[in-house]
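The values are calculated or read from the model by the stated rules, or taken from the named source; none is laboratory data. Because the structure is a prediction, the values reported are computed rather than measured. A quick note on method: Cβ atoms are made from the backbone with ideal geometry, for glycine too, and the neighbour counts reach across all protein chains shown. The accessibility values were calculated without ligands, DNA or RNA, using every heavy atom of the protein model including side chains. Shrake-Rupley method; radii C 1.70, N 1.55, O 1.52, S 1.80 Å.
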Amino acid sequence: MADLETLKVAMKGGKVADVRTLVGALLAENVAAQEILNDGLLAAMGEVGQRFKRNEVFVPEVLVAARAMKAGTELLKPHLVQAGVQAAATAVMGTVRGDLHDIGKNLVIMMLEGSGFAVVDAGVDVAPERFAELAREHRAQVVGLSALLTTTMPNMRTAVEAIRAAGVPAKVIIGGAPVTQEYCDAIGADGYSADAASAAELAKRLVAAMD
Ligand code: B1M
């Protein structure tokens with residue numbers, strides 16, 4: 001029998017194959033995908049983050065845990081995203097310039113897709129002008145910016161400025177661990193949310209208000 005504690009141990013150890021097997025087994029045991037994500041993968045990543053902060057583990061260990069987390073979330077994706085939902089709107093989503101963290105961004109993408117958005121994944125380390133270009137090219141209603149580092153947060157401001165300067169009418173939403181509503185207000189973004197599920201709800205609300 002698979003359980004969430006064993007999954008957390010495998011993820012913290014960066015055991016990709018074990019994480020795949022355990023996530024598959026938990027799904028087969030009808031454990032909800034959201035529970036596997038929150039109480040298994042995200043809980044384990046939270047612990048890795050704490051240990052990283054205390055210098056008990058270093059970048060290589062964090063990287064292998066992140067790889068294992070990706071492998072797990074890929075298996076969860078079909079269960080988190082509703083099948084066959086017609087795209088109601090388009091969103092461009094990326095991590096801002098200088099920032100390579102993509103796990104949160106990928107979760108936001110999953111939740112947006114689950115809410116019926118067609119999502120253009122701009123990737124990581126995205127230049128401000130690139131967000132504007134992609135939004136224009138895909139006629140996006142929403143642009144989502146993610147940042148995990150206090151040093152890359154200012155690049156959210158430059159991305160907002162580039163999008164506005166290009167005259168792109170998309171709503172800009174922002175998030176990531178160090179980001180706050182106050183920061184959102186300060187840089188003139190259209191909305192902030194603390195987690196991926198709320199980001200999708202926020203995007204839906206903003207698009208509905210555009211009609
Ligand atoms: Co980095 N890292 N990291 N890291 N890393 C943090 C962020 C850090 C807090 C660790 C720490 O010190 N405790 C710290 C930042 C400190 C700071 O600036 N305040 C840090 C540091 C310092 C660094 C380096 C500088 C380390 C170094 O090289 N010395 C370096 C920077 C590299 C770069 O980006 N240029 C670095 C590198 C890395 C790895 C490459 C090893 C790896 C990333 C792998 C990858 O993403 N593919 C990594 C990881 C994994 C982490 C931690 C441990 C986990 C991040 C994560 O994926 N969390 C992290 C510590 C921590 O957060 N506990 C840490 C899980 C993820 C689901 O959460 O991304 O927050 P998160 O997303 C959340 C919300 O924030 C929100 O939704 C998600 C949940 O639902 N959200 C949004 C995210 N984006 C959103 C957008 C929205 C709305 C909500 O709207 C658009």
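Hey, rough spin-label estimate for residue 210 and residue 79, points 7 angstrom out along Cα→Cβ, what's it come to in nanometres?
3.3 nm
Regarding the range 89-210, what are the three Cα extents along the principal axes, ordered largest first, in Å?
Principal extents (largest minus smallest coordinate, Cα): 32, 28, 25 Å.
Compare 50, 141, 181 in a GNM of the chain, Cα atoms joined below 10 Å, and give the one with the largest fluctuation.
It is 50.
Who wins for biggest fluctuation among 135, 89, 194 in a Gaussian network model of the chain, springs between alpha carbons below 10 Å?
Top of the fluctuation ranking is 194.
Could you run the Karplus curve 6.51 cos²θ - 1.76 cosθ + 1.60 with θ = phi - 60° over the range 35-40 and give me ³J(HN,Hα) per residue in whole Hz, x for Gly and Pro?
Each residue's phi maps through the Karplus curve to give 5, 4, 5, 6, 8, x Hz.
Return the distance in nm (one decimal) between the two label points of a simple spin-label model at residue 70 and residue 194, each offset 7 Å from Cα along Cα→Cβ.
2.9 nm
When the gyration tensor of the range 4-82 is built from Cα positions, what are the square roots of 5 times its three eigenvalues, in whole Å, from largest to smallest?
Over the Cα atoms of the range 4-82, the semi-axes work out to 22, 11, 10 Å.
Ignoring ligands, DNA and RNA, what percent of the 1.4 Å accessible area of the range 4-82 is carbon and sulfur?
Heavy-atom surface of the range 4-82 belonging to carbon and sulfur, 1.4 Å probe: 56 percent.
Greater than 20 Å separation of Cα atoms is the criterion. Which listed pairs, 15/70; 70/204; 53/77; 15/105; 77/171, meet it?
Violating the 20 Å Cα-Cα cut-off are 70/204; 53/77; 15/105; 77/171.
For the range 113-193, run through the trypsin sites (Lys or Arg not before Pro) and keep only the ones in DSSP coil with at most 16 other Cβ atoms within 10 Å of their Cβ.
139
Show that you can apply the helix-only estimate: for the chain, add -39,500 (n - 2.57) for every DSSP H stretch of four or more residues, divide by all residues, and state [θ] at 222 nm to the nearest 500.
The helix contribution divided over the chain gives -16500 deg cm²/dmol.
Would you please report the Å³ per residue occupied by the convex hull of the alpha carbon atoms in the chain?
Value for the chain: 112 Å³ per residue.
Can you tell me the orientation of helix 43-53 relative to the chain, as the angle in degrees between its alpha-carbon axis and the longest Cα principal axis, to the nearest 10?
For helix 43-53, the angle is close to 80 degrees.
What spacing in nm lies between the two simple spin-label points modelled at residue 136 and residue 61, each 7 Å away from Cα in the Cβ direction?
For the pair residue 136/residue 61, the computed spacing is 4.7 nm.
Whats the longest run of the chain with zero GluC sites (Glu not before Pro) that are DSSP loop and have at most 14 other Cβ atoms within 10 Å?
In the chain, the maximal stretch lacking such sites is 57-211.
Averaged per residue, what accessible surface does the range 1-131 expose to a 1.4 Å probe, in Å²?
Result: 50 Å² of accessible area for each residue.
What does the convex hull of the Cα atoms of the range 68-149 come to per residue, in Å³, rounded to a whole number?
Per-residue hull volume (Cα only) is 77 Å³.
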